[in-house]
Amino acid sequence: MCNTAVKENDVQPMAAITTRLNATPAITGAMGVSDLETLFREHHEQILRTAYRITGSMTDAEDVLQTIFLRLASNKEQRDFAPSPASYLRRAAVNAALDLMRRRTRAQLIPFDSIEATHELKISGLSPEQEQDGRELRVLIRQAIAKLGERAAIVFALRYIEGYDNNQIAELLGTSQMVIAVTLHRARTRLRREISQYLEKHHEA
């Protein structure tokens, strides 16, 4: 499990956002810099945690954080934001992280964090081969989630990455528990198929 404590350096993205807003004040509309800074202080830790769990990269999580607040600054989708900031920002973090994963899958990019992950071998006690297998499987699962339809990917991430139950997800997305259950069943079926195919190829190699 990742260490999700947010240190002093983690607030640097807000400085970059503020600089951009001050350079182009016209995009702030009804929500000013001070409002964004308040939201940032109250919610940035949760956004980083959510994005990290989905992407597996703190660099990507910080990109997600900046993306969300720049979108807020440009007044995109603010009608969905007002009723419940925490719920909106959690959904936004899941969406932005999944979008990033989809772009990475298409572009075949490698997260910067994975290059410096060799210290995990000493912590886990696993052999380098076992740790590599585990990393490959985690990447596969993230890529498989990103390939799901948008709704299915969001539901799956909220259930199995964020730990929400079906009732909470239904309330968050404004739908029924039955719809959530069916969506999860189809998503699990597809993911199991892709993982099984990977394991079969891996064992044959």
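Every number here is computed from the coordinates shown, using simple stated rules; none is lab data. All figures in this text were calculated on a predicted structure; none of them were measured in a lab. Positions of Cβ are generated from backbone atoms using ideal geometry, with glycine treated the same way; all protein chains shown enter the neighbour counts.
In terms of the mean number of neighbouring beta-carbon atoms within 10 Å, the peptides 53-59, 91-97 order highest first as 91-97, 53-59. Sorting HIS44, HIS185 by the number of Cβ atoms found within 10 Å of their own Cβ, with the fewest placed first, yields HIS185, HIS44. Each label was represented as a point 7 Å from its Cα along the Cα-to-Cβ direction; for GLN168 and GLU42 these points are 2.0 nm apart. Once you list every other residue whose beta carbon is under 13 Å from the beta carbon of GLN177, what net charge do they have if Lys and Arg are +1 and Asp and Glu are -1? Once positives and negatives cancel, what remains is -1. Counting beta carbons within 10 Å around each of PHE40, PHE69, PHE156 and listing the fewest first gives the order PHE40, PHE156, PHE69. Arranged from fewest to most other beta-carbon atoms within 10 Å of their beta carbon, ILE47, ILE169 become ILE169, ILE47.
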